Amino acid sequence: MLNAIDPAADRLAIQSLKARLSDSAVEEYLTGNGHRIAATRFLLEALQLPLPQWAERGASGRRAAQAAALDRFKQDYPDENLTRDYVRRDR
C-alpha cells in the first residue's frame, strides 16, 4: 500500500511491482486465466497504476469479431475490393 509519509518507499514499491509485472512468466500466468487478468486489472486501476500493455483491454463483441474476420479476408484476398454495392448492373 502507498505510504504518504515516505514517498521514496512508494516509488521503490511501484518500480518493484512494474519490474515483476514485466516478467514473462508472470505475464503468462496472469493472462492464462480470465479471472486472473480481471483481478490484475482491477488492482492496478484501484491503485491508479498504469496497466502493462498485455493487461489492456482489447476490442470485444460482435463488431470486433466482424472486423477481425474482414481483416483476415483482406489478407487472403488483397485484390478484392468488395463493398456493399459490389454487384454492378448494366443499364
note = Scalar couplings 3J(HN,Hα) for segment 47-58 by Karplus 6.51 cos²θ - 1.76 cosθ + 1.60 (θ = phi - 60°), nearest whole Hz, x for Gly and Pro, are 8, 6, 9, x, 7, x, 4, 6, 9, 6, 6, x
ask   = What nm distance separates the two modelled labels at residue 70 and residue 35, each placed 7 Å from Cα along Cα→Cβ?
value = 3.7 nm
Fraction of the pair-distance distribution of segment 7-76 above 14 Å, Cα-Cα pairs, percent = 69 percent
query = Which whole-Hz couplings ³J(HN,Hα) result when phi for each residue of segment 16-31 is put into the Karplus expression 6.51 cos²θ - 1.76 cosθ + 1.60, θ = phi - 60°, listed in order with x for Gly and Pro?
reply = 5, 5, 4, 5, 5, 6, 7, 5, 5, 5, 5, 4, 4, 5, 6, 7
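Each value in this text was obtained by applying a stated rule to the coordinates, not by laboratory testing. Keep in mind that this is a model prediction, so the values were computed, not measured. Ideal geometry is used to build each Cβ from the backbone, glycine not excepted, and the neighbour counts take in all protein chains shown.
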